[in-house]
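Worksheet: the structure to be examined is printed underneath.
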Amino acid sequence: MPPASAIALRPCSAQAHPNIALIKYWGNRDEALRLPANGSISMNLAGLETRTSVTWDEKRVARGDAFNLNGSPVTGPGLERVSAFLDLVRKMAGFDFRADVVSVNNFPAGAGIASSASAFAALALAAAKAAGLDLAEADLSRLARRGSGSACRSVPGGFVEWAAGASDADSFAVSIAPPEGWPLVDIIAIVSEAHKSTGSTEGHALAATSPLQGARVADAPRRLDLCRDAILKRDFAALAEVTELDSALMHAVMMTSTPPLFYWHAPTLTVMQEIRLARAQGLAACCTVDAGPNVHVICEADAAEAAARLIADMPGVREVRRAQVGGPAHIESD
Ligand code: PMV
């Protein structure tokens, strides 16, 4: 590695999409390294994105990092999490410079879409590239994982699988099908815009307190096989069955943790029940719910219009958003 003084540090910006997990990650084997209890599969969400630019400041080593999100400076725990992540990049680059990080999401907070995945994927790409590091996709995915587990899945494009791995070295995500492999649509039923009371970092730490987590994790390889096969064969009935099973298993673990976590609101259940009924009548749509009350309704492209209309009329649904399958995180300029 060249000495830091020999690196021409230039601002760099990157863009990444959030993702929705079809097979969920819940619980870590190693909290510090964010090594997951089980593998997971997701699809990236096109049209929704985080753009992040990073500038390393080699002259003012003594100052702290600065982080601006959606036009406002971030301090406290938000800045500390970004700084701890930048420490990993400083260590890899072999320098001690501080950074200016400017990040913008094109989707509002509380829109039912977790922003930490796109945030840390974009930050990993921009911070590494701006530091003069030339990392392969797997190494960028490993790096993004350290900021937020699901962020490792926003680095590759399309449908993505994160193998749990045995260690830091082999716990990263790879693309299993490109966005055009299956033009699914995620219709997000927003039933609440309130911030979740328990974030996923605290939630992962509670997973092992549920008596159901062991069974959920032990069965994960079978569900991963079913989901991967369904994606590769474009078998919607199989995808719907395993996606809804996996989401229910994660929420069963959440609800039976100590203390218990209940993310569903009454309309969450209404949407899930109505979509189940509509599927029985032939609509190619199924539901999955993350660590919040909003419902992601995954549809085949030709069912999206009917599903969106159905959802918009359901009691308690405030807003409906749509996303197609998105591509990989990428550098925008250097
Ligand atoms: O990456 P985190 O720590 O925000 O965890 C994500 C957890 C879920 O969104 C609930 C599931 C998943 O696999 O994305």
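The values are calculated or read from the model by the stated rules, or taken from the named source; none is laboratory data. Nothing here was measured: the structure is a model prediction, and the numbers come from that model. Here the Cβ is made from the backbone with ideal geometry for all residues, glycine too, and neighbour counts use every protein chain on show. When the accessible area is computed, the model is the full protein with side chains, heavy atoms only, and any ligands, DNA or RNA have been set aside. Shrake-Rupley method; radii C 1.70, N 1.55, O 1.52, S 1.80 Å.
Specify whether the C-alpha gyration tensor of the range 125-203 places it in the rounded, prolate or oblate class, a ≥ b ≥ c being the square roots of the eigenvalues: rounded for a/c under 1.5, otherwise prolate if a/b is larger than b/c and oblate if not.
It is oblate, given that a/c is not under 1.5 and a/b is not larger than b/c.
Students often check this: by mean Cβ neighbours within 10 Å, which of 296-303, 86-93 ranks highest, and how do the rest follow?
With the highest mean Cβ count within 10 Å placed first, the list reads 296-303, 86-93.
So, with a 1.4 angstrom probe, what is the percent of accessible area on the range 185-324 that is carbon and sulfur?
56 percent
Only residues of the range 230-244 count here: report those whose backbone N is under 18 Å from the spot 7 Å along Cα→Cβ of Ala280, or say none.
Only 237-238, 240-242, 244 fall inside the zone, counting backbone N under 18 Å.
Calculate the length of the line joining the C-alpha centroid of the range 158-215 to that of the range 264-278, in whole Å.
Rounded to whole Å, the Cα centres lie 21 Å apart.
Report the full-extension gain for the segment Ala109 to Thr256: residue separation times 0.36 nm, less the Cα-Cα distance, to one decimal in nm.
Contour length minus Cα-Cα distance gives 50.2 nm.
About its Cα centre, what dipole magnitude does the range 185-324 give when the only charges are +1 on Lys and Arg Cβ and -1 on Asp and Glu Cβ, stated in debye to the nearest 20?
100 debye
Checking the cross-link filter: which aspartates and glutamates have an alpha carbon closer than 14 Å to that of Lys233, excluding same-chain neighbours under 8 positions apart?
Straight-distance partners of Lys233: Glu180, Asp225, Glu300.
Hey, in the GNM for the chain with a 10 angstrom Cα cutoff, which one of Pro315, Pro211, Pro77 fluctuates hardest?
Pro77
Mind putting together the pair-distance distribution for the range 185-324? All Cα pairs, 5 Å bins, whole percent per bin, short to long.
2, 10, 19, 20, 20, 16, 11, 3, 0
Can you name the helices of the chain, as whole DSSP H runs, whose Cα span along the helix axis is 24 Å or more and whose Kyte-Doolittle mean is not below -1.0?
76-93, 236-255
Using the Cα atoms as the points, what is the convex hull volume per residue of the chain in Å³?
For the chain, the hull spanned by Cα atoms encloses 123 Å³ per residue.
Listed highest first by mean packing, meaning other Cβ atoms within 10 Å per residue, what order do 162-168, 287-293 come in?
Packing order, densest peptide first, comes out as 287-293, 162-168.
Only loop residues by DSSP count here, and only those with at most 15 other Cβ atoms within 10 Å; note down the chymotrypsin sites (Phe, Trp or Tyr not before Pro) in the range 249-334 that meet that.
Listed in order of number, the matching sites are Phe262.
Using the Cα centre of the range 185-324 as origin and beta-carbon charges of +1 (Lys, Arg) and -1 (Asp, Glu), tell me which of Leu245, Gln324, Pro267 is placed farthest towards the positive end of the dipole.
Leu245
Can you find, among Pro179, Gly71, Leu232, the residue sitting farthest towards the positive end of the charge dipole of the chain, where Lys and Arg contribute +1 and Asp and Glu -1 at Cβ?
Ranked along the dipole, the leading option is Gly71.
At what distance in angstrom do the alpha carbon centres of the range 91-108 and the range 30-84 lie from each other?
7 Å
Describe numerically, in nm with one decimal, the distance between label points set 7 Å from Cα along Cα→Cβ at Glu332 and at Asp313.
Placing both labels 7 Å beyond Cα along the Cβ direction yields 4.0 nm.
Hey, got the dipole for the chain? About the Cα centre, +1 on K and R Cβ, -1 on D and E Cβ, debye to the nearest 20?
420 debye
Among Met254, Ala303, Met43, whose Cα sits farthest toward the positive end of the charge dipole of the chain (+1 at Cβ of Lys/Arg, -1 at Cβ of Asp/Glu, about the Cα centre)?
My answer, from the dipole projection, is Met254.
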